[in-house]
Amino acid sequence: MGTLSKYFYEATRNKTCRDMLHPGCTCFEAGKIYIWQGLIGAMRHYLPGAVTALLFRMKHWDDTEVWRSFLTQYVRCIIAGLPMTAGSFHFFCGFYNLFGRFSAPFFVFIPSMLGACTCMWLPRSIVRTQGIGLFNMYIEFLIKRSRSSTIAAMRNSRLAGTLLFCILSAAMMPTQQYLQVNRFWFATIHKDVEQDLNNNSMEAEKGQCKHHPGRSCLQHIFGQVKRSFYFGLTICLLKNVLPRITLAIKQPISFLRIIMSRFDYGLIGFFTCYKALFEVINCFLTENCQFNPLTRSMITGFISGASYCLYPNYLLFTYPITELIELYWMIYMKSSLPKPKVAMLLDRLPTVMLMYAFSIGMMYHLRVVYPYYTNRYCHKLMDIGTSGRSEVLARGYAEIMMGYRD
Ligand SMILES: [Zn+2]
Ligand SMILES: [Zn+2]
């Protein structure tokens, strides 16, 4: 924010919130429009999440309770999300009228952060996914924006990116193995088999590893890889088909052509290849070497990470960074290492909520002020949630900064 403020005050000196956000109407009139736009925005913004939760309970659709909880959950999201989709703009006008001028932190950052104040009433899964997603976009912004020549060189190198991802992946697998958890990742750990099971009738025969009794390595690997392939395929279909659903009805031929050309073959390749490398090496090491599970998962994690070269992407790259911070924190809290009061305090803080509020404020601020360095998903997310109001603000700001308006 530092470098920005110098130009910021210069350019916005004679500007009002009316010039920037609601040309043609007063703050009061605009305030009423924000509420309607915010309501519609929130309806669109939270629909996919609510529907996904409903899809997971497809087997119980004949139960009215499922539908009741879907509706209450959805309405709760819309109401708790309203301070963000509409309220942030009220804060925007409010702070301008309060100070009589624009102030850099009170421009978008604080209004958006205040807009996230009701996030404790949003479903935790939504707060978590969005909070982490936006925080990852913030890391992406820091990487893209960095002026260091080393980072600039690494940013453009697929090899460097792949190598770093291998290291992240090598750090990820043993932590999950150690904690015996299966968090979302591109391969799942094989939980440690209890010692006393070794002499059990479940004992694996020759050519079968302990983690897949009753099946040969080849059958096991093939089954696992197939699952990853279908998972990748589903993601790619959702990602490409959903935004073009109207085109599919109007012009099916050009729709198919676009889907074929835009399809993320790299992403499917990544999912499939990661799982294939992971399972093949895991079976090989289990059969041929006497490594302990932690070393084994580290080696397999490192090698599988090489599949990143098929789909080098910021979202993919930043995901393990936040995930690892959280996992290593869990390990630290479980360990017998000394824990100062600060650590205990940090552990009790509602970290997810704070991160959500900070990330919303920060990313929305950056989206308006540095649109070229921010992830386009962030643009989309904001645009849908605010019924396009964020675009008006960003454009208004850009035009003033570039001197198109005086
Ligand atoms: Zn205003
Ligand atoms: Zn095997």
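Of the residues making up the range 138-157, those that are in contact with a helix residue (DSSP H, G or I) (Cβ under 6 Å, 6 or more places away or on another chain) and either in contact (Cβ under 8 Å) with a residue 12 or more places away in the chain or not in a helix (DSSP H, G or I) (or both) are Tyr138, Ile139, Glu140, Phe141, Lys144, Arg145.
Does Phe91 qualify as being in a helix (DSSP H, G or I), under 30 Å from Glu29 (Cα atoms), more than 16 Å from ligand 2 (Cβ to nearest atom) and not aliphatic (A, V, I, L, M)? Taking the combined requirement at face value, the residue satisfies it. Test Tyr274 against the stated conditions and say whether it is away from ligand 2 (no atom under 16 Å from the Cβ) and closer than 17 Å to Arg296 by Cβ. So Tyr274 passes the test.
Could you pull out the residue among Ala104, Ala86, Ala116, Ala171 that is more than 30 Å from Tyr274 (Cβ to Cβ), among the aliphatic types (A, V, I, L, M), surrounded by 15 or more Cβ atoms within 10 Å (Cβ to Cβ) and under 22 Å from the mean Cα position of the chain (by Cα)? Matching residue, one of Ala104, Ala86, Ala116, Ala171: Ala116.
Residues checked against (1) open to solvent by 80 Å² or more (accessible area, probe 1.4 Å); (2) touching a residue at least 24 places away in the same chain (Cβ under 8 Å):
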| position | (1), (2) |
| --- | --- |
| Cys309 | no, yes |
| Pro312 | no, yes |
| Leu316 | no, yes |
| Leu324 | no, yes |
| Tyr328 | yes, yes |
| Tyr332 | no, no |
| Ala343 | no, no |
| Arg367 | no, yes |
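Just wondering, is there one or more residues in the range 70-77 that are open to solvent by 20 Å² or more (accessible area, probe 1.4 Å), within 16 Å of ligand 1 (Cβ to nearest atom) and closer than 30 Å to Ile235 by Cα? Among the residues of the range 70-77, not one is open to solvent by 20 Å² or more (accessible area, probe 1.4 Å), within 16 Å of ligand 1 (Cβ to nearest atom) and closer than 30 Å to Ile235 by Cα, which makes the answer no. Listed by position, the helices (runs of 4 or more DSSP H) contained in the range 339-406 that have at least 1 residues being more than 19 Å from the chain's Cα centre (by Cα) are 341-348, 351-369, 389-401.
The values are calculated or read from the model by the stated rules, or taken from the named source; none is laboratory data. Everything numeric here is computed off the predicted structure, so don't read it as measured data. Positions of Cβ are backbone-derived with ideal geometry, glycine not excepted, and every protein chain shown enters the neighbour counts. Heads up: the accessible areas ignore ligands, DNA and RNA and are worked out on the full protein's heavy atoms, side chains in. Shrake-Rupley method; radii C 1.70, N 1.55, O 1.52, S 1.80 Å.
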